[in-house]
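Let me begin by presenting the structure, written as structure tokens, before commenting on it.
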Amino acid sequence: MDTHTLVTALQGLSPKAYDWKFCLYSSSKSRDGVQLRFDGCDMEGIPLWIEQMTRLLLEKTLTERVVTEYSPLLPKEELGALSQGDERIRGQIGDILMGVHGCERHAPEDFANGVVNKPVGYVFYGKEKEPPKSEDGETSMPPKEVLFLRRANPFISGGKALLCVGKGGAIAEAPTPLLKFTPQSDFLLIGGVCYLVSEAAVKDLDLESRPAAVCARRLEQIAEADVVGSYEQLELAAGKHTRKFLDFDKEILDHIASLSVEARIDFLAAYGITIGGDGKMESADPEQCELIIDLLCGRMCTDVLGRLAVGVNIQPRE
């Protein structure tokens, strides 16, 4: 995941070797994060647009920015990248691809007159027509996928602008919507790598705030700390409380990991959490799982948390 890899992938992209789909998407928020809905629309000449989008990335974007692994704190001159299988984006990419493959097709007018949801962006999705063959004639790898995403509604409805055309030497109001389109992209999937070209893509992919994604990252940290017995049971319980993990406090986890078994027993007793013979928090009991999750996610309000704040510089929660 570096600049050279992306440049090579773009230079090797042959748009005419792909079957393309054009889809528009709308966005909504729920307790589970940002949800995208996809609707298809026929479009001619897509390979020409892909060539222009690719050229813009190569001649402008990648001359001003370098590719590096994605982080929410990246400076503007760096372009974030993630493997398609990375847990932070795997679910969202799966949802997008399912939405593109399963979307219904609509006439262009439907996007302007309210028949379908007002789009906030669009996608070009390409799948290689003929996958590479091995020497024995068998397909050696699955078809390559390419996806360009842009957060911008390309349709202007007549309700917002008077659309006119030339008709019989005079100006007449146009009965169909006008398409405005620029060869820019906010997100790119190519070669199994996702490139977040702009903050608009981060918003739609809901990278940092999806409770399930945050929970998964925190569970990894808990597993690495090796302070919980029956970890699989805790993992199952965590799936019911993913939003709690938005408040996960790693300093509490680190403090528990740093304690001796005797000190750990004394510290955790105030929370009603028991220690097994292996010196780890026992999570086989569902009630114990709840207590462990509440402790690690800052849901406890006791004097013990206050004493912990003095020891490891954690402020007691209100």
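The values are calculated or read from the model by the stated rules, or taken from the named source; none is laboratory data. All figures in this text were calculated on a predicted structure; none of them were measured in a lab. Cβ coordinates were reconstructed from backbone atoms using ideal geometry, including for glycine residues, and neighbour counts include every protein chain displayed.
Listing for the model above:
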{"item": "Within segment 37-72, tally of residues that are surrounded by fewer than 16 Cβ atoms within 10 Å (Cβ to Cβ), of a type in the set (A, V, I, L, M) and part of a helix (DSSP H, G or I)", "result": "3"}
{"item": "Helices (runs of 4 or more DSSP H) within segment 186-267 that include 2 or more residues without any contact (Cβ under 8 Å) to a residue 24 or more places away in the chain and more than 20 Å from the chain's Cα centre (by Cα)", "result": "211-225, 231-238"}
{"item": "Residue selected from segment 109-125 under the condition over 11 Å from ASP39 (Cβ atoms) and over 19 Å from the mean Cα position of the chain (by Cα), by the criterion surrounded by the fewest Cβ atoms within 10 Å (Cβ to Cβ)", "result": "GLY114"}
{"item": "Test: residue in segment 88-106 that is among the β-branched types (Val, Ile, Thr) and part of a loop (DSSP other than H, G, I, E, B)", "result": "yes"}
{"item": "Given (1) within 25 Å of LEU207 (Cβ to Cβ); (2) over 18 Å from the mean Cα position of the chain (by Cα); (3) among the basic types (Lys, Arg), index of the condition LYS16 fails", "result": "(1)"}
{"item": "Count of segment 87-101 residues which are surrounded by fewer than 17 Cβ atoms within 10 Å (Cβ to Cβ) and within 16 Å of VAL214 (Cα to Cα)", "result": "3"}
{"item": "Tally, over segment 105-155, of residues that are modelled with pLDDT under 70 and either closer than 16 Å to LEU179 by Cβ or touching a helix residue (DSSP H, G or I) at 6+ places or on another chain (Cβ under 6 Å) (or both)", "result": "1"}
{"item": "Out of LEU58, LEU82, sole residue that is more than 21 Å from the chain's Cα centre (by Cα) and either without any contact (Cβ under 8 Å) to a residue 24 or more places away in the chain or in the same structural domain as PRO154 (by TED's automatic domain parsing) (or both)", "result": "LEU58"}
{"item": "Test result for ALA17, out of contact with any helix residue (DSSP H, G or I) (no Cβ under 7 Å at 6 or more places or on another chain), over 30 Å from ARG218 (Cβ atoms), of a type in the set (A, V, I, L, M) and surrounded by 18 or more Cβ atoms within 10 Å (Cβ to Cβ)", "result": "no"}
